[in-house]
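The values are calculated or read from the model by the stated rules, or taken from the named source; none is laboratory data. Owing to the predicted nature of the structure, the values given are computational and were not obtained by experimental measurement. Every residue, glycine as well, gets a Cβ built from its backbone with ideal geometry; the counts of neighbours run over all protein chains shown. We work out accessible area using only protein heavy atoms, side chains counted, and drop any ligands, DNA or RNA first. Shrake-Rupley method; radii C 1.70, N 1.55, O 1.52, S 1.80 Å.
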Amino acid sequence: PSSSHTAGAVRLGRCARQVLGGLPEQAEIVFFGSFADTYRGHGTDLAVVGGLLDYDTDDMRIRDAFEHANAAGLSVQFRTSNKAVAHPNTVTFMLSQGDRRATVTGSSIGGGNIEIIGVDHFDVKFTALYPTYLVFHDDQPGVIADITSILRQAGVNIGYMEVDRKSRSGAALTVIESDEAIAGDTLRLIDSLPHVRRISIIHLNAGGEHI
């Protein structure tokens, strides 16, 4: 199998886990395009489950990912869709852990690289090549300015930033990629802002967490 169907799929699973903030209890995984046609034969199903278990791309446990998922209390369901997508190697994760939910859609774009194109029905894009922070907040004046002010004072260089909102004055998501990992005390300052709901940390080289 190609790296797109294996290594990229592992990274997509890890990224979805980190959006949720930990190991899911339930996972519904929907494959599209080429993934839908070949996921069993190419081991993409094992790869995405390995990613949900937070295994790295070269972890030998991936070949037995289903057994490890069962032992960890992770229930997984697979299905396919013929819906047209922008990239043939696309997957959607619908994850739950207690009362926490996350929906993540991403594509494996070649050479083990990935692109996340949707989080919780927000249209955003990021590659997870750099430390990435998802700030879920209310769409209110001054929120983004407050966030960037805190980062400026902490000396954080923003490499990429994107914002999407579900409705005017409704829920919004700001995606921030930084050159280096942001310190925990800086993230706690952002999380304490009045209109910030939560922060998900996507850091595939160090393991993400949830604030």
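Measure nothing fancy, just the Cα-based angle from helix 143-153's long axis to the longest principal axis of the chain, in degrees from 0 to 90, nearest 10.
Roughly 80 degrees between the two axes.
Measuring from centroid to centroid over Cα atoms, what is the spacing of the stretch 1-30 and the stretch 92-110 in Å?
7 Å
Would you kindly calculate the translational diffusion coefficient of the chain, applying Stokes-Einstein with the Kirkwood radius from alpha carbon pairs, for 4 °C and a viscosity of 1.567 mPa s, and quote it in µm² s⁻¹ without decimals?
Roughly 75 µm²/s, to the nearest whole number.
Looking only at I116, I147, I29, which one moves most when the chain is put into a Gaussian network model with springs between Cα atoms under 10 Å?
I147
Where the centre of each part is set by its Cα atoms, how far does the stretch 62-82 sit from the stretch 112-174, in angstrom?
Centre-to-centre distance over Cα atoms comes out at 30 Å.
Based on the mean of other beta carbon atoms within 10 Å per residue, what is the order of 163-173, 52-62, most packed first?
Listed from highest to lowest mean packing, they are 52-62, 163-173.
Could you rank the peptides 85-98, 68-81 by their average count of other C-beta atoms within 10 Å per residue, with the highest value first? Before the final figure, lay out each step's value.
Details: 85-98: 19.4, 68-81: 14.1.
Packing order, densest peptide first, comes out as 85-98, 68-81.
Tabulate in residue order the Karplus-calculated ³J(HN,Hα) for the stretch 51-64, using 6.51 cos²θ - 1.76 cosθ + 1.60 with θ = phi - 60°, rounded to whole Hz; enter x for Gly and Pro.
Going residue by residue, I get x, 4, 7, 6, 7, 7, 5, 9, 6, 5, 6, 4, 4, 10 Hz, with x marking Gly and Pro.
Whenever you get a sec, compute what percent of the accessible area on the chain sits on carbon and sulfur atoms (1.4 Å probe).
Carbon-and-sulfur percentage of accessible area, whole number: 45.
Please give the contour-minus-distance gain from A183 to N157: 0.36 nm per residue of separation, less the Cα-Cα distance, rounded to one decimal in nm.
Separation in residues times 0.36 nm, less the Cα-Cα distance, equals 8.1 nm.
For the chain, what does -39500 (n - 2.57) per DSSP helix run (n ≥ 4), summed and divided by total residues, give at 222 nm, in deg cm²/dmol to the nearest 500?
-8500 deg cm²/dmol
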